[in-house]
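The values are calculated or read from the model by the stated rules, or taken from the named source; none is laboratory data. Fair warning: this is a prediction, and the values are worked out from it, not measured in the lab. No Cβ is skipped: glycine too gets one built from the backbone with ideal geometry, and neighbour counts run over all protein chains shown. Accessible surface areas use protein heavy atoms only, side chains included; no ligands, DNA or RNA. Shrake-Rupley method; radii C 1.70, N 1.55, O 1.52, S 1.80 Å.
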Amino acid sequence: CGAQKFAHAVRPYARRAAVAFAAQPREVLLMELGVLMLTLLVWRLRIVLRRRRYVARLRQWASARISRPVATRYMRFKDGVRRRSRVVARALPHIGFALMCFVALRAQRALGLESLLQPVWSSLSWFLLTPLPWVRTLLTLRSDGTGEGNVQRDWLRFWVLWATCHLAAGVLAAIPFASRLVQRVPLDTPARAPLVACAAAWVHLPHDGLELCYGVVGPALAFRAQRLSDAVPSLPARLLDTLAMVLRMLTPSGVYTALMQAAQEGYLLLGVMTCMLTPYPLTGLALLYWSLGYPILKSIEVLEMPATSPDMAVQAAYSSQVQLCYWLLHCALAAVIDQLPWVLWLPFSTHARMLIAVWLQLPYFRAATMLLLQLTHFGRALLRMTGGGPHDGTPLVTVSGAPATPTHASPSALRHTRSPRANAIYSKRLQQQPGSGTPDTQLQRPHQD
């Protein structure tokens, strides 16, 4: 029997796990038992509170007695400050957060907890800068991106800044003398780790600080890239405009769009193939460009797209979702490589990583979108367990494959739907629904050829 074979195969591993568990000290066993009982107690308390609606009542009471009066007074104070100086009014939330961080750091120093909380600050910084934004970005992909708030565009700005920092760190690490200078300025010291954690928490606050940072970094990167593109020899601009006009006049719109995509993919593939023939140091720099630099420029281009019409808004939302899918998969791949450093010692590992990065970006394959759609089953099940997310079987990520003419797509067309099979068998429960009509008019199994 298959169950007996499985139990016979698992028995040695279960015995080893039991022996290792029993060999732990008594204090550790008591701690694990306490954590387990506390988890069960919290889970049971959550069920009771949901039934009694204590949390909803407490939230309503806090909103009526605390949140609304405080928010009203704060808005009055902010309006008074705005009448005198708009700059001070805009910087008021950031000043308040900086004062809170200063008070917390002074209290930490007064209590002598710097050495004790140093690993906590480092772990908190890493959690706030990578895993938490990753999960929040994945959750924002449930919508079509055309609603209020433009949350997806805000997270795309965050990933542009995140990738810019990693690109700068990678370039400095590739330069011999600059890498030594970077190592002399560690960020995990007792004095710098709390500052990095406060900066990471500042990103998640509901304010326009992220937009301000992007307003400084994004246009500067786009300007430098344009200057570098102008310095590279290419065909005259008038000739390119003439060829584009002729192609637009002689070919249909769908064929013209396909030709432009093929030209872009050809440029991408030609550049990658050229970089794969270079020596290893140059290949490492090329990996940084094709995995971080080129997607940064594409994300900035998407963020600068105008949304003056509904079709252009849908196109911008679709492009934002595609770029977010790439950044999510790039971050996941980087986390896997960090946990498996022996992968970097394999032959041609840099070339393989470059090919994977390009494969995720090519519009023809749409690899980033399709992979993320396949990997969101666990996230959708987790959302159902926690009481959020779609319960009707719709995918967590609403981006489907790139349409042939995305400018004429609607927000509902961006949702990934499963087409019914031709040989679908309808259940008896569906056929016996009340009010569904007589048996002659009920749905029957389609005939097969």
Counting only protein heavy atoms and leaving out ligands, DNA and RNA, the solvent-accessible surface of Y267 at a 1.4 Å probe, in Å² to the nearest 10, equals 120 Å²
Pop a pseudo-label 7 angstrom from the Cα along the beta-carbon direction at both F102 and L205 and give the gap in nm to one decimal.
-> 1.3 nm
Shape call for the stretch 148-257, from the Cα gyration tensor axes a ≥ b ≥ c (a/c under 1.5 means rounded, otherwise prolate when a/b beats b/c, else oblate), comes out oblate
The stretch 43-115: translational diffusion in µm²/s, Stokes-Einstein, Kirkwood Rh over Cα pairs, 25 °C, 0.890 mPa s | 154 µm²/s
Can you tell me the relative contact order of the stretch 238-373? Whole percent, Cα pairs under 8 Å, sequence separation 6 or more.
-> 28 percent
FRET efficiency (K298, R26; Cβ distance; R0 60 Å; to 0.05) is 0.55
Accessible area, 1.4 Å probe, largest first: how do C213, C325, C198 sort?
-> C213, C198, C325
Could you tell me the accessible area of D79 in Å² (1.4 Å probe, neighbours in place), rounded to the nearest ten?
-> 60 Å²
Three-way shape call for the stretch 95-223 based on the alpha-carbon gyration tensor, with the a/c threshold at 1.5 = oblate
H330 accessible area, 1.4 Å probe, all protein chains in place, Å² to nearest 10 = 30 Å²
Taking the Cα centre of the stretch 83-163 as the origin, how large is its charge dipole in debye, to the nearest 20, when only Lys and Arg (+1) and Asp and Glu (-1) carry charge on their Cβ atoms?
-> 440 debye
Using only the Cα atoms of the stretch 211-339, build the gyration tensor, take square roots of its eigenvalues as a ≥ b ≥ c, and label the shape rounded, prolate or oblate: rounded if a/c is under 1.5, else prolate if a/b is larger than b/c, else oblate.
-> oblate
